[in-house]
Amino acid sequence: MSQTDVRLDGTAEVRTDREATPGSAGPRRERPMAPQADFDSYYGLPVLNEPTWQAPDIAGYLFLGGLAGASSTLAAAAELTGRPRLARVSKVGALCALGGSFYSLIHDLGRPGRFVNMLRVFKVTSPMSVGTWILTAYGPQAGCAVATDVTGRFPGLGRAATVGAGLAGSAVATYTAALICDTAVPAWHEGFREMPFLFAGSATAAAGGLGMLAAPPAEAGPARRAALLGAAVECAAATRMERRLGPLAEPLKRSRLLRAGEALSLAGALAGITLGRRSRIAAMAAGAALLAGSACTRFGIFRAGMESANDPKHTVQPQRRRLAKARAERDQT
C-alpha cells in the first residue's frame, strides 16, 4: 500500500509504507541509523606500545636467571645429602648462568650504572626493585659457595653460603614471572596465576638437566628427580594457562617454541629417569634436551607476549569480557 503526495512543481511522488506517516496503517518499522560498532583499534594500530625489550637480552635473562636460581637450590640439596660432585657442578653452573643473566640485563639497560641506581630504593610493589635486591643478596653467596668449593678453604663458610644461595635461588628462579606479569602485555598479564609455576617448573627441569649433563650418574639421582618434577609442573601449568585464557591464548598455542620446549622437557625427563641411570651418554643427551627445552619455553613465552601486545583484539576483548562480567554481577545484585 502506498500514498501519493503532490510536490510544489505539480508532480506526484509515491511514498512507500516503509516510511512512517501519521495515521498510516500497518506496523511502524525502525531502521538503525548506523551499524553496531565492532571496535578493535583506531586504523588497525596496536592499542599498546610494544615493549622495548629485545629477545636475546630479556628472554636470555629469563632463562639464565631461572637456571642459576634452581641450580643453587639443587646444589644445596646435593651438599646436604653428601653428593659433592653434583653439588660442585650445580654451584659452578649457577655462577656461570648468573654471570650470563647479569650481562643480558645490563646490556638491555644500556649501562651498568642503571642497575646500581635501582639499589637506591626498595619498593615492595615493584617486581623489578624486589628482583634487584634478590639478585644482590644471591650473587655474593653463589660466588662464595663456588670459591670455597674449588679452593677447599673455609668449608663451614662454604656450606653456609651454599644453603643461603639455595634459599635465595628459589626466589631468583621465579621472580621474573612476577616481573613480566606486572606489565600490560595481555598474554603475560592475564597469565599471572600459572606463570610462576611454569617458570619454577622450567627452571627446575633446566637445573636437573645441567646436573645430569655434567655430574656422574651415581650422584645424579636428585637431578633426575628434579628434572621429572620440573617438566611435569611446567607442562601442567602451561596447559592450564592456555585453557583458562581462552582466545587470549592463541599466541601461546601457535608458538612452535613452546611446543618444542614441552616436547624436549618431557623427553629429556623421561630419558633421564630411565636410561640415564645406567648410561652416561643417555644422561648427557637427556640433560642437553632439558636445557634446550627450558630455553625454548622462555623464548616462546617472550615471543607470544610480544605477539599479543601487537594484536589489538588481545587488548580490547579481555577488557570487554571483564566489563560484561562486572555488569552481569551488578545486575544480579
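The values are calculated or read from the model by the stated rules, or taken from the named source; none is laboratory data. The structure presented is a predicted model; accordingly, all values stated were derived computationally and were not measured. Here the Cβ is made from the backbone with ideal geometry for all residues, glycine too, and neighbour counts use every protein chain on show. Ligands, DNA and RNA are stripped out before the accessible areas are found, and what is left, the full protein with its side chains, is counted by its heavy atoms. Shrake-Rupley method; radii C 1.70, N 1.55, O 1.52, S 1.80 Å.
Data overview
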item	result
Global form of segment 124-266, assessed from the alpha-carbon gyration tensor, a/c cut-off 1.5	oblate
Whole-angstrom gap from segment 122-192 to segment 236-278, using each part's C-alpha centre	25 Å
Electrostatic dipole magnitude of segment 59-132 [Cβ: Lys, Arg +1; Asp, Glu -1; Cα centre; debye, to 20]	140 debye
Within segment 59-99, backbone nitrogen closer than 16 Å to the virtual label 7 Å beyond the Cα of R114 toward Cβ	59-62
Protein-only accessible surface order, largest first, of D149, D182 at 1.4 Å	D182, D149
For segment 300-333 and segment 213-229, distance of Cα centres in Å	42 Å
Karplus-derived 3J(HN,Hα), 6.51/-1.76/1.60, for each residue of segment 149-156, Hz, glycine and proline x	6, 5, 7, x, 8, 6, x, x
Point-to-point label distance, T81-R322, nm (Cα→Cβ direction, 7 Å offset)	4.3 nm
Per-residue HN-Hα couplings for segment 204-216 [Karplus 6.51, -1.76, 1.60; θ = phi - 60°; Hz; x = Gly/Pro]	5, 5, 5, 5, x, x, 5, x, 5, 5, 10, 9, x
